[in-house]
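Notes for the one structure printed next.
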Amino acid sequence: MTAPAGGPAVAAATPATTVASVADVPPPTVPETARGLRPGTVGSAALWALGVLLLAVYLVSMGTVTGADLNAMTGLGLVSALPAAAMIAVCGIAVLFVLSLNLRVVRPALLLFLLLATVLCLHGAAALVESEPRFSTAYLHLGFVDYIARTGHTLPQYDARWGWPGFFAVAAFLFQAGGVHNPLPVLQWSQVASQLLCLASLAVILRAIDISSRGRWLALWFFVVGSWIGQDYFSPQAFTYLLYLFFLAVLLGWFRKGGGPGTGELPARGARTGERAVLLFVLLGTFLVAVASHQLTPFVMIAATALLHLCRRSLLGIWFPVLMTVAAAAWLSYLGESYWSGHLSELFGGLGQITGNINSGVTDRVSGDPTHQDVLYLRVLLSAAWFGLAVLGLWRRRRRAIRDRVLPVLAFMPFFTLGMQSYGGEIALRLFLFSLPGVCVLAACAFYPDAAEGARRPGRAATAVLAVAAVLAVSGFGIARYGNETFERVTGGEITAMQYVYAHDTPADTVVYVGGAEFPLNTQDTERVGYQPMPSPTDPAAAPVDPRDDSAFVAALRSYGPQSYLIITQEEGADLEFNNGYPADWYAEARAALGADPRLKQVVDTPDAGLYALAAPVAGKVQVPDVGAIGPVITRTPWTATGVVLLAILFPLLLGRELMRIHRDGRVAAAGRYREWMFAVPAALLVLGFLAVVVSRFLYFANQ
Amino acid sequence: MAAIAESPAVGTTHGGPYGGRIVLSLTLRGVLVAVYGGVLLAGAASSMLAVFGRQTVAIPLLTLLFLLFGPGAAVGWLLPGFDPAVRLLTGLFAGAVLDCVVAESMLALRMWSVRGGIAMVLLSTAALLTAGAVARVRGGAIRAGG
């Protein structure tokens, strides 16, 4: 509770003088009971005691989960390996939260405790029971960080993510400066930490919304149980999502206008001109870092800023989102060049394929083991349920004559992402991720639709309905979030096998794998270790269905020459079983066959993973992976320099314009309309000129 | 627990957005501020030593703490009208943004140097503190002049 940056303590500790009053219809005086206690003190103490007890039960029962339990996971994922006591405890905490929410007196400390307990139980579950941090993509990102720390360069042709290396750069800088040699604990707890920082920003966002304090607490709790997408691991998306929420907090906190009774928002807060200027730089800096770190997030930020302006809820002028667009286009055109110059059709192929993106988001991911298919359908159902609750909340607010503008923008604006980007099916998941800050508040409005003034405490029937919904949401979270754990988990054996590879990668190694690369690959030595799937033109999983027939493995190792290894892991076996319909004992059979084959030697033998090399040396040269030229690379086209000059003019011009608006508190005097046009026409021409340069660079490469 | 009190919203119209406040006693608040300031000062000193190549066990840890919280504290100082929690949150993110801008600039310009990066963060923090001091002196002068 004393941790000042932790979640809603941030807002809970706020001096009340800075905001309008939002207490839920309190009784005019505090009636004292015969024993001199405030009303509800006994109930509150009982809820505290029960909360602590349930948390203790959860932690103790999670401590009993063994590696054997995890190995016995079914298609339902982690939930199938957890003791019943843990699941009852976490559902109990959900019910306690609902009961605490509807106490006669709002108890912020109790609600905060239960909220943080929910974060730990739901988002820390894997970290509590698994010996190694999840999941393989986080290890891949560690490899990018390792490469920057060792060389100070990027490898833009190796992977698209290298075109947006901001997150990897700052991680490398902080790890090196802080002497962090083992970043695995950072990976292990990054999900819990990320969730707490999200909650802190969301708590500030909620201070702008005209909703009862109970509604605010429920919105925070809904955010925690609605974050089942699992994009909060050590990744650029997690980092830029934090930046997105903080960006919204600043935008809605200090660059909002309007608000008041019936608008859905509280009256905008004032700030001194100097302070607002500082915040403008912070806002822009946050956006620019997102531009340098992620492909998609900046465009969601631009859409949010532009729509809030169009809804007349932003003090910032239309030129600010224009400035943001120019910055994002500049990065894409110049520093992201290596990504798109090679595959223009791929990049723009995703544009406009809305139905295709939705269908592939749903159906492509639904194949293989029937139980696991149910998990995937549940995810679709859960997203629909959350959006349904949000629509219900919006409707109930309208019935109370509250015409929200900010919340619908936050909840439904991200739908534009369906029409863009070549994320393929994954875009549907990202859409839900970006909608969640708005969806969780509107879903809370479905239960607490009242504005802050005159809010009523719900009756017992409403409390019971909310308690049922809370238990359903927690259960849905457990399955949707950890449903892929059978093959997304990382085991100690896999790490041991890969450590062997890195220890023997002079001058280079090749690692042959099966399935969807569900093991911690590329954690270090990117330029020395190549990764090759089992070659097969027809089967996407590319492993022999009969595990006793290992001649294909031997042939693959021979074809990749000296210093090539075959890795077979339990998670790869689970991936083949659940996603490609392979038999359940495929892994054990394959390990037995490979271990008995005299043509191979087993260089690493653990229960979770085996690493194999050819027993007899093979002739030929060691294959060194082709990682492409180091970056960043910017090709000079005839208009490249002109673009840089235009950018150097536009950036200070548009930023200066916004600083002037702040100075005038967002007002444009009627007499100043003429001067407004004098600015707008040349600025628009410059922006068009710059965008023409961006297009010309695309065309230049398209014609190459 | 006497240092931390909960003030629920009953009977008051100043319950705050979350229906009450968690109030720290003045003594506890003073201790927290002193610890925070002390760690930041030690972090700044360690960062300077790190720039000049000195390495002990404590220097990297304190340097990391400075990189995470130092620039943010300077930004927080530029926002005197805001409540401490918002200043802390803004400072935390602003500090991360500054670290990221420095790291990304070194990467894009092919001038990667950890010591150089720490020096840049130190200089930026000093610049922010100077700007804050100038603003306060000018603000004070304007207020004094009526």
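The values are calculated or read from the model by the stated rules, or taken from the named source; none is laboratory data. Keep in mind it's a predicted model, so treat the numbers as computed, not measured. Here the Cβ positions follow ideal geometry from the backbone for every residue, glycine too, while neighbour counts run over all protein chains shown.
Below is a table of values for the structure above.
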item: So A:GLY274, is it within 21 Å of A:PRO321 (Cα to Cα), surrounded by fewer than 21 Cβ atoms within 10 Å (Cβ to Cβ), within 11 Å of chain B (Cβ to nearest Cβ) and of a type outside the set (Val, Ile, Thr); result: no
item: Identity of the residue in the stretch B:96-113, within 21 Å of the chain's Cα centre (by Cα) and surrounded by 21 or more Cβ atoms within 10 Å (Cβ to Cβ), that ends up farthest from B:GLY72 (Cα to Cα); result: B:ALA103
item: Condition met for A:LEU128 (in contact (Cβ under 8 Å) with a residue 60 or more places away in the chain, surrounded by fewer than 20 Cβ atoms within 10 Å (Cβ to Cβ) and under 24 Å from A:GLY493 (Cα atoms)); result: yes
item: Extreme residue, farthest from A:GLN532 (Cα to Cα), among residues of the stretch A:657-678 that are at pLDDT 85 or above and within 33 Å of the chain's Cα centre (by Cα); result: A:LEU659
item: Scope the stretch A:503-534; condition more than 20 Å from A:LEU600 (Cβ to Cβ), within 28 Å of the chain's Cα centre (by Cα), at pLDDT 90 or above and not charged (D, E, K, R); matching residues; result: A:PRO520, A:LEU521, A:ASN522, A:THR523, A:GLN524, A:THR526
item: Yes/no for B:ALA103 being over 19 Å from A:ALA200 (Cβ atoms) and in contact with a Lys or Arg (Cβ under 7 Å, 6 or more places away or on another chain); result: no
item: Scan of the stretch A:160-190 for residues that are at pLDDT 95 or above and within 15 Å of the chain's Cα centre (by Cα), ordered by number; result: A:PHE167
item: Among the candidates A:ILE479, A:ILE495, A:ILE567, residue that is part of a strand (DSSP E or B), touching a residue at least 60 places away in the same chain (Cβ under 8 Å) and out of contact with any Ser or Thr (no Cβ under 7 Å at 6 or more places or on another chain); result: A:ILE567
item: Unique residue being on the phi < 0 side of the Ramachandran plot and out of contact with any Phe, Trp or Tyr (no Cβ under 7 Å at 6 or more places or on another chain) when the list is A:ASP575, A:ASP605; result: A:ASP605
